[in-house]
Amino acid sequence: MSSSSSANVDGAHSRRPANTAFKQQRLKAWQPILTPKPVIIAFLAIGIIFVPIGAVMVWSSNSVEEYTQRYDNTCPVGNTCDITFDITNDMKGPVYMYYRMDNYYQNHRRYVKSRNDDQLRGVVVNTWSSITDCDPIKSRGNSEAAADFFLPCGLIARSWFNDTFVMKDSSNNFLALRKNGIAWKSDKEKKFRNPPANAPGIRVISDFEDEDFIVWMRTAGLPDFKKLYRIIDNGLPAGTYTVTVQSNYPVASFSGKKYVVLSTTSWIGGRNSFLGYAYIVVGAVCLVQGLIFALKHRISPRKLGDTKYLEWNK
């Protein structure tokens, strides 16, 4: 019986892995033993490195000049309003103008999916099955005829932010606001192209290569977000500036908020101290743990076992 079982095990139908170093997990590997000294050194090293890095990040973030003004509560939809910015410190160029929105869930799964990338790349789409992802904004009257397809289809394109802004200095001189370059280069060159003039469908967006449209189509990951609107290359000296807003975009129905943001940047981007403080906290915790472990090891060291008895040393 035993010889028959052995034959079955070693035969062609056996599920036992071959007796090789790879299949039996006997390959040579570095398997460090975490003794107190290297652990203490590692904790202290991480703390010594992370705390200064975090401090530099926080300093860089705080050096960013940023001014924000909310306007949806003072400028109803359909009105043109002026927003005043009192710039207390010189803002070196380039200065970035953003529109910011709160409580707007662009990251909702149905919203994110509601687009057709072939359409956006200028490919002629003429089959109903190809635009199913655009639900619920697919075609006029939900028609399956290609001539009734929306170009482009989908919720994202249909909800394109359309407030407009112009900016003047204290002497009522209009400032040059650069639009070219606000969208990602990869998006502009590869992901957005106008369809042929004879493409069937109802043209909803006249220019798929409009950078404002491209910026909007890159959906935000959080409900509170800001998107780049224009770039002021020459910077803004300290003083009073007026932004004239044409308010077209309704947000009251979902308790949303709208802002205009003027900001400079640093080597880590805009003003956001979270990453810097995270480095400082992690570094401080590692330093404290390293010191506690070092003190414990100094006062009452623990005798270690003999490593020669470990499995991989046999």
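The values are calculated or read from the model by the stated rules, or taken from the named source; none is laboratory data. Since we're looking at a predicted model, the values are computed, not measured. With ideal geometry, Cβ positions are generated from the backbone for all residues, glycine too; neighbour counts draw on all protein chains shown. Heavy atoms of the whole protein, side chains included, go into the accessibility calculation; ligands, DNA and RNA do not. Shrake-Rupley method; radii C 1.70, N 1.55, O 1.52, S 1.80 Å.
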**Item:** Qualifying residues in the stretch 249-270 (those that are outside any strand (DSSP E or B) and closer than 21 Å to LEU177 by Cβ) - the one modelled with the lowest pLDDT
**Value:** GLY270
**Prompt:** Residues in the stretch 226-248 that are within 23 Å of CYS75 (Cβ to Cβ), out of contact with any helix residue (DSSP H, G or I) (no Cβ under 9 Å at 6 or more places or on another chain) and open to solvent by 20 Å² or more (accessible area, probe 1.4 Å): how many?
**Reply:** 8
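Within the bounds of the stretch 278-291, is there any residue that is under 20 Å from the mean Cα position of the chain (by Cα), under 30 Å from MET91 (Cβ atoms) and open to solvent by 20 Å² or more (accessible area, probe 1.4 Å)?
Of all residues in the stretch 278-291, those under 20 Å from the mean Cα position of the chain (by Cα) come to 278-279.
Restricting the remaining residues to those that are under 30 Å from MET91 (Cβ atoms) gives 278-279.
From what is left, the residues that are open to solvent by 20 Å² or more (accessible area, probe 1.4 Å) are 278-279.
Looking for residues that are under 20 Å from the mean Cα position of the chain (by Cα), under 30 Å from MET91 (Cβ atoms) and open to solvent by 20 Å² or more (accessible area, probe 1.4 Å), one finds at least one in the stretch 278-291, hence yes.
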**Request:** Could you tell me whether any residue of the stretch 155-168 is more than 26 Å from the chain's Cα centre (by Cα), at pLDDT 95 or above and surrounded by 17 or more Cβ atoms within 10 Å (Cβ to Cβ)?
**Result:** yes
**Prompt:** Taking interchain pairs and intrachain pairs at least six residues apart, which have beta carbon atoms under 6 angstrom, with the first residue in the stretch 101-127 and more than 20 Å from PHE208 (Cβ to Cβ) and the second of a type outside the set (A, V, I, L, M, F, W, C) and open to solvent by 70 Å² or more (accessible area, probe 1.4 Å)?
**Reply:** ASP102/ASP224; ASP102/LYS257; ASN103/SER255
**Prompt:** Across the stretch 140-197, which residue is farthest from ASP118 (Cα to Cα) among those that are in contact (Cβ under 8 Å) with a residue 60 or more places away in the chain, out of contact with any Lys or Arg (no Cβ under 9 Å at 6 or more places or on another chain) and not in a loop (DSSP other than H, G, I, E, B)?
**Reply:** LYS168
**Complete:** When every residue in the stretch 68-97 that is of a type in the set (D, E, K, R) and over 20 Å from ASP163 (Cα atoms) is compared, the one most open to solvent (accessible area, probe 1.4 Å) is LYS92
**Message:** So PRO52 passes all but one of these: (1) buried (at least 17 other Cβ atoms within 10 Å of the Cβ); (2) at pLDDT 95 or above; (3) not charged (D, E, K, R). Which condition number does it fail?
**Reply:** (1)
